[in-house]
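Some notes on the structure that comes next.
The values are calculated or read from the model by the stated rules, or taken from the named source; none is laboratory data. No experiment lies behind these values; they were computed from the predicted model shown. As a convention, Cβ positions derive from the backbone with ideal geometry for all residues, glycine included, and neighbour counts pool all protein chains shown. With ligands, DNA and RNA removed, areas are computed over all heavy atoms of the protein, side chains included. Shrake-Rupley method; radii C 1.70, N 1.55, O 1.52, S 1.80 Å.
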Amino acid sequence: MTSNVPKAASAQPGISAGSVMQVFALALVIAALSEWLGPLPIELGVGKVVLLPMIWALLIGLILGLLAKRMPKPVSLGLHSQHLAAAVLSCALFLFIAKLGLMVGGSLPQLAKVGWGLALQELGNLIGCVLLGMPVALLLGIKREAIGATFSIGREPGLAIVGERFGMDSPEGRGVLAEYITGTLIGAIFISLLAGFVASLGIFHPIALGMGAGVGSGSMTAAAVGAISAQYPERANDIATFAAAANLIATTLGTYLTLFISLPLAVRAYRFLEPILGRNRKAVAVQEAAPAAHEVVHVPALNLGMRLLAWVYVGFLVLVGNQIGYGIPMLDALPGIALIVAVVLVGDLIYMGTGRKLPAVCWISFVAMALTFPAVPYAAEVAAITSKVSFLAMITPMLTFAGLSLAKDIPAFRRLGWRIVVVSLMANAGVFLAAAVIAQFFVSNM
């Protein structure tokens, strides 16, 4: 009996056709069900949060992973499938980046009007995490782990920076691992609820909130953009455009600025504040919080054929969600999805052809922006075709795969202790809020 799974899957070492079919089938059901459930607004006194389809998708995927041993075999999501889902997530985020890039290209003249705002709001990403996270860490009795947990949002570049500077077995290394795991597991949910609640207060301009959403993490940016847009549906495209521009700055320059600004700032803040806030606090050991490295980053590296399969299939999920959640027929949106997949493929090929010196998301963004830049021929036609694909419909499949991949990190998460989790979340909140505050000064008249 022959398998219907494309050869790209079976040709990928370490990835079984069975896992591919299981993960893809579950993702289809979860994404479609989540879009059908729709948004659920919850009033919280002075503000409100909206549980969007992307949150349903993330939670359903997580529950399936946690109940894997009790589920029938076809839906029993083992570790191998969870790692595969994490790998597909990394690929899927490229489609979201391409969609945002296509929106940014046509809005570059508008972005230029707040150029300094986009540049300076990145300072919020650099200092916000330290300003909010470090005092909380010291008041809770956390010592040098606070440096690793509060100097950034703790994505892969943060792991590399701390690993090279202090070593991953150091207190700083344990802190950044804690931030990484916390962000991986609940970062998207947390930033979605926070961004939605802050947006509902009416304190910030929606464009400033969009800039604040560009934190340098694809999944967290997607979650924040979705939550803010739910509060300001009439400005949804503008919010996504400015978030994409801010996220591109954070991605391209953020690693270097983190290395030379925010990490030294965290070290100095710790040395200054620890004698004041932490002197009489009982030190809390976080030694048991750090899992082995393979528990944190242990996803298969997908070859080009498997990446292309992932992009095409995620594009199909977007078409399904686009029709269920936003009423756009699949055939009408198909040319837009095809163009987005083509942009991702071209950007990825340039990334590999240039020796991987710049992140792939940068090349994908550059290609996408070039296609819709007003001076480029057929830019208006490209924008019209891709506008039929709702960027909110693209977020749900991303977080579907995120949810399917999360259960594997629960054992490490349990060892962190509630204090370091609180500190990690405060650092994430600080990045978003500080960037939004700075951006507010530049967009209040827009």
Along the positive direction of the dipole of the chain (beta-carbon charges: Lys, Arg +1; Asp, Glu -1; about the Cα centre), which of 16, 309, 130 reaches farthest? 130
From the square roots a ≥ b ≥ c of the eigenvalues of the alpha-carbon gyration tensor of the range 369-443, which class results: rounded (a/c under 1.5), prolate (a/b over b/c), or oblate? oblate
In the chain, lysine pairs closer than 21 Å at Cα, eight or more apart or cross-chain: 4
Sort out for me the Cα centre separation of the range 154-230 from the range 371-446, rounded to whole Å. 8
Applying the gyration tensor rule to the Cα atoms of the range 298-446 (axes a ≥ b ≥ c; rounded if a/c under 1.5, else prolate if a/b exceeds b/c, else oblate), the class is prolate
Using a 1.4 Å probe, what is the accessible area per residue for the chain, in Å²? 41
I want to check the label-to-label distance for residue 33 and residue 330. Put each point 7 Å from Cα in the C-beta direction and report it in nm to one decimal. 1.9
Which order do the peptides 356-369, 54-67 take when ranked by the mean count of other beta-carbon atoms within 10 Å per residue, highest first? 54-67, 356-369
By average Cβ neighbour count within 10 Å, what is the ranking of 345-352, 271-278, 218-225 from highest down? 218-225, 345-352, 271-278
Share of the chain's accessible area from carbon and sulfur, percent, 1.4 Å? 68
Between residue 51 and residues 5 or more places away or on another chain, the pairs with built amide H atoms under 5 Å apart involve 40, 42
Stretch residue 384-residue 42 to full length: gain in nm at 0.36 nm per residue minus the Cα-Cα span? 119.7 nm
Residue-wise HN-Hα coupling along the range 209-224, computed from phi with Karplus coefficients 6.51, -1.76, 1.60 (Hz; x: Gly, Pro): 5, x, 4, x, 6, x, 8, x, 10, x, 5, 6, 4, 4, 5, 5
Using a simple spin-label model with points 7 Å from Cα along the Cα→Cβ vector, what separation in nm is obtained for residue 358 and residue 203? 3.7
Per principal axis, descending, Cα span of the range 153-253 in whole Å: 48, 24, 19
So what J values fall out for the range 368-373 if you push phi through Karplus, 6.51 cos²θ - 1.76 cosθ + 1.60 with θ = phi - 60°, rounded to Hz, Gly and Pro as x? 5, 5, 5, 5, 10, 4
Need the full-extension length gain, residue 71 to residue 346, defined as separation in residues times 0.36 nm minus the C-alpha distance. One decimal, nm. 95.0 nm
